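Take a look at the structure set out below.
The values are calculated or read from the model by the stated rules, or taken from the named source; none is laboratory data. Quantities reported herein were computed from a predicted structural model and do not represent experimental measurements. Here Cβ is always computed from backbone atoms with ideal geometry, including for glycine, and neighbour counts include all displayed protein chains.
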Amino acid sequence: MRADLVDCVNAAHAKFPGLPVHVLGESMGGAVVLSALGDLHPLQVAGAILVAPAVWSREDMPLSYRAALWLTAHFVPWLHVSGNGLHIWPSDNIPMLRKLSRDPLFQHDARTDQVYGLVGLMDDARHAPEHLTAPPPILFVYGAKDQVIPREPTEAVIKALDGKAVVRRYDNGFHMLLRDLEGERVWCDIAGWIQTGSLPPDGVKK
């Protein structure tokens, strides 16, 4: 996925020479963007937006989770799992969630080997700040009510970025920030940051 992202960025530069290119990654996409920034040949972009990036690494998970994931991924990789029954709310936008539950193009479950690969990606993203030398401007946004990515690894990554990112926490935000009931506010903040490099004071609606 990182290679695909690099190809996409290069294609954008080729099609629109001279124009600034920004990348935005949400959840797993945020992990792709963040880990790509930490590669030996980082992305050549004018800015990167990380929306609730998936940074829940193995070291942050209980041993029971890691053991169960390793066993299922290596012995029953074809087994499909989902979040049903976990009572996790990814957003406060209930009508949107109901539409997604009926959308045949939305992935409702995953193979255990896919989940294993996702955790590997989250590992890379979790440690990417250690490898950032001269990153582009970064905007990091997340919701205080995120029930998908735990608060501890998210705040650990923010601390590891050590001032390399502009950070905004939305007190009423869930994991799917861009489609939450207050999603328009997040979109406006992102657009404003792209234009000016800064955010309005917290709590100010545009």
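May I ask you to say which residue of Leu199, Leu105, Leu139, Leu181 is in contact with a Leu (Cβ under 9 Å, 6 or more places away or on another chain), surrounded by fewer than 20 Cβ atoms within 10 Å (Cβ to Cβ) and outside any helix (DSSP H, G or I)? Every option except Leu199 fails the conditions.
Check segment 49-66 and report whether any residue there is small (Gly, Ala, Ser), touching a residue at least 24 places away in the same chain (Cβ under 8 Å) and buried (at least 22 other Cβ atoms within 10 Å of the Cβ). Working first, answer last.
Going through segment 49-66, the residues small (Gly, Ala, Ser) turn out to be 52, 54, 57, 64.
Of the ones still in play, those that are also touching a residue at least 24 places away in the same chain (Cβ under 8 Å) are 52, 54, 57.
Filter once more, so that each one left must be buried (at least 22 other Cβ atoms within 10 Å of the Cβ): 52, 54.
Yes - at least one qualifying residue is present in segment 49-66.
For segment 103-117, the set of residues classified as under 18 Å from the mean Cα position of the chain (by Cα) and under 13 Å from Arg66 (Cα atoms) consists of Val115, Tyr116, Gly117, listed by residue number. Test Asp146 against the criterion of being surrounded by 15 or more Cβ atoms within 10 Å (Cβ to Cβ), part of a helix (DSSP H, G or I) and in contact (Cβ under 8 Å) with a residue 40 or more places away in the chain, and give yes or no. Here the answer is no, as Asp146 does not meet what is asked. Looking across segment 68-99 at every residue that is of a type in the set (Val, Ile, Thr) and surrounded by 11 or more Cβ atoms within 10 Å (Cβ to Cβ), the one that is farthest from Gln114 (Cα to Cα) is identified as Ile88. Scanning segment 153-184 for residues being at pLDDT below 95 and among the basic types (Lys, Arg) gives a total of 1.
Does Phe174 meet the test of being within 24 Å of Met1 (Cα to Cα), hydrophobic (A, V, I, L, M, F, W, C) and buried (at least 16 other Cβ atoms within 10 Å of the Cβ)?
Values: within 24 Å of Met1 (Cα to Cα): no; hydrophobic (A, V, I, L, M, F, W, C): yes; buried (at least 16 other Cβ atoms within 10 Å of the Cβ): yes.
So Phe174 does not fit the description; no.
For segment 152-171, the candidate set comprises residues that are in a helix (DSSP H, G or I) and in contact with a helix residue (DSSP H, G or I) (Cβ under 7 Å, 6 or more places away or on another chain); within that set, the residue that is surrounded by the fewest Cβ atoms within 10 Å (Cβ to Cβ) is Glu152. Residues that are under 20 Å from Pro129 (Cβ atoms), loosely packed, with under 13 Cβ neighbours inside 10 Å and not aliphatic (A, V, I, L, M) do not occur anywhere in segment 8-27.
Mind listing just one residue for me: the one in segment 57-102 that is of a type in the set (Ser, Thr, Tyr) and closer than 21 Å to Tyr142 by Cβ and, of those, nearest to the chain's Cα centre (by Cα)?
Step one: of segment 57-102, the residues of a type in the set (Ser, Thr, Tyr) are 57, 64-65, 72, 82, 91, 101.
Cutting the leftovers down to closer than 21 Å to Tyr142 by Cβ gives us 57, 91.
Values: Ser57: 13, Ser91: 15 Å.
Looking at residues that are of a type in the set (Ser, Thr, Tyr) and closer than 21 Å to Tyr142 by Cβ, I get Ser57.
Return the only residue of Leu34, Leu97, Leu19 being assigned to a helix (DSSP H, G or I), without any contact (Cβ under 8 Å) to a residue 40 or more places away in the chain and of a type outside the set (D, E, K, R). Outline the logic, then answer.
On the way: Leu34 fails: without any contact (Cβ under 8 Å) to a residue 40 or more places away in the chain; Leu19 fails: assigned to a helix (DSSP H, G or I).
The unique qualifying residue is Leu97.
Within segment 175-201, residues that are over 21 Å from Thr154 (Cα atoms) have Cβ atoms under 6 Å from residues that are surrounded by 14 or more Cβ atoms within 10 Å (Cβ to Cβ) and among the charged types (D, E, K, R) in these pairs: Leu181/Asp92, counting only partners at least 6 apart in sequence or on another chain.
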